[in-house]
1. If you build a Gaussian network model of the chain, linking Cα atoms that sit under 10 Å apart, which residue out of 49, 78, 13 swings the most?
2. Apply the a/c threshold of 1.5 to the C-alpha gyration tensor of the chain and tell me whether it is rounded, prolate or oblate.
């Protein structure tokens with residue numbers, strides 16, 4: 001007789017979520033399939049990704065960042081452009 005049930009692993013033991021239809025002291029064979037969609041699995045993956053992203057170096061150097069800032073800067077504050085536009089109306 002085969003049964004499929006969900007269990008929680010904690011403190012070294014598997015704890016079924018629902019009662020099992022088995023006689024006491026039955027010997028069973030267990031195959032483990034980790035539920036990748038469980039909340040715990042999702043949180044664990046997110047924490048692993050967060051730790052990986054915190055350990056990475058900057059994608060661009062500070063020098064390159066400064067070059068790009070200079071290249072794409074407008075030369076004066078945006079508020080001055082807005083004032084000029086309003087005065088022209």
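Each value in this text was obtained by applying a stated rule to the coordinates, not by laboratory testing. All figures in this text were calculated on a predicted structure; none of them were measured in a lab.
1. Of the options given, 78 has the highest mean-square fluctuation.
2. prolate
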